[in-house]
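Asker: Pasting a structure here, questions to come.
The values are calculated or read from the model by the stated rules, or taken from the named source; none is laboratory data. Just so it is clear, the model here is predicted, and its values are computed rather than measured. No Cβ is skipped: glycine too gets one built from the backbone with ideal geometry, and neighbour counts run over all protein chains shown. Quick note on the areas: whole protein, heavy atoms, side chains included, nothing else; ligands and nucleic acids left out. Shrake-Rupley method; radii C 1.70, N 1.55, O 1.52, S 1.80 Å.
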Amino acid sequence: LTWYYGIPSSSSHALIGGMIGAALAADGPDVVQWQGIKDKVLIPSIVAPFLGVAIAFVLIVVITWLIARRSPTKVNRVFRRAQLVSGGFVAFTHGTNDAQKTMGIIALALVATGHLDSDFSRPPTWVIASSAIAMAAGTYAGGWRIIKTLGQRIAKIDPPQGFAAQTACASILWVTAHLGFPVSTTQTISGSVLGAGAIRGF
C-alpha cells in the first residue's frame, strides 16, 4: 500500500513489528526481549534520521563553500558523476542493512522449524541469493514512486545536494550495520534529503 501511494515508510519497522506481533500471538509478551527492542531497534531508529539531517546539512555547507565561485553548469556535471559513486555506496549499504533483516527472518523461520541449527554462522546461500534478487526486483518494479517522493516532494535537490544526502545516508547505514542496529534506510535517507535541502532554508 505504501509503495502504491509513494509513501516512504519503513519496511524495517513493518518487518520488526510483524515479527513482534507473531511472537506475541504465539507465546505472549514474555517471549519478546523488550530491552533489546528498545536499545537495538527503537533508539537507533529514532536517532538515525536526525543524524542524517545533521550530517547532510554539514556536508552541503562544506560543499557549497568549496564550489562557491565555480560555474553551476560545471559543478552539476561533476556532481552528477559523483552521484554514481555515492548512489552505489547507498545501494551497497542498503544491502548491508535491509537485506540482512530479510535473511534474519528467513533464518529465524528455518531455526524454528528445525531446518537450521540455532548456532549457525551464516544463512544458506539460497537465502542470501533470494533476498538479493527480491530486493533488486522490488526496487526495479516499484521503487520509482518512492524515489519521486524523496527527490521532489520532500525537498527539491540538485546534484551537489543529492551527493551530500546520499553520502550522509550511506555513512550512517555503514556504521549501524556494523553495530548490528536495524535502522530504517527510508527514514535515514529522508532525513538526509531534509538536511541537504535545508541549505536553501528550512
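Asker: So how far apart, in nm, are the two label points at A23 and H115 if each is 7 Å from Cα heading toward Cβ?
Answerer: About 2.1 nm separates the two model spin labels.
Asker: Cα centroid distance between the stretch 77-136 and the stretch 38-64, in Å?
Answerer: 22
Asker: Using a 1.4 angstrom probe, figure out how much accessible area the chain has per residue, in square angstrom, rounded to the nearest whole.
Answerer: Value for the chain: 60 Å² per residue.
Asker: Would you list which lysines come within 23 Å of K156, measuring only between C-alpha atoms, while excluding same-chain residues fewer than 8 positions from it?
Answerer: Within reach: K74, K148.
Asker: May I ask for log10 I(q)/I(0) of the stretch 70-140 at q = 0.21 Å⁻¹, from a Debye sum over the Cα atoms as equal point scatterers with solvent left out?
Answerer: For the requested q values the scattering log ratios are -0.90.
Asker: Let me have the relative contact order for the stretch 73-192, percent, based on Cα pairs under 8 Å that are six or more residues apart.
Answerer: Once divided by the residue count of the stretch 73-192, the mean separation gives 46 percent.
Asker: Can you tell me which of 59-66, 98-105, 160-167 comes out highest on packing, and rank the rest after it, using the mean Cβ neighbours within 10 Å?
Answerer: Top to bottom by mean Cβ count within 10 Å: 160-167, 98-105, 59-66.
Asker: Apply 1/(1 + (r/R0)^6) to the Cβ-Cβ distance of A91 and Y4, taking R0 = 22 Å, and write down the FRET efficiency to the nearest 0.05.
Answerer: E between A91 and Y4, to the nearest 0.05, is 0.45.
Asker: Whenever you get a sec, line up V127, V47 from highest to lowest accessible area (probe 1.4 Å, protein heavy atoms).
Answerer: V47, V127
Asker: Could you give the length gained by full extension between L108 and A54, i.e. 0.36 nm per residue of separation minus their alpha carbon distance, to one decimal place?
Answerer: Extra length available between L108 and A54 comes to 15.9 nm.
Asker: Need one number: the % of Cα-Cα pairs in the chain sitting beyond the 28 Å mark.
Answerer: 33
Asker: Another question, if that's okay. Per Stokes-Einstein, at 4 °C and 1.567 mPa s, what whole-number D in µm² s⁻¹ belongs to the stretch 99-202, with the Kirkwood radius over Cα pairs as the hydrodynamic radius?
Answerer: 82
Asker: So how many Å³ per residue does the convex hull of the Cα atoms of the stretch 14-125 work out to?
Answerer: 137
Asker: Now, a different point. For the chain, what's the relative contact order in percent, using C-alpha pairs closer than 8 Å and at least 6 residues apart?
Answerer: 47
Asker: Taking the 0 to 90 degree range and rounding to the nearest ten, how far is the long axis of helix 100-112 tilted relative to the main principal axis of the chain, both from C-alpha atoms?
Answerer: The helix 100-112 is inclined about 0 degrees to the chain.
Asker: Quick check: residue separation of Y140 and V175 times 0.36 nm, minus the Cα distance between them. What number comes out in nm?
Answerer: 10.0 nm
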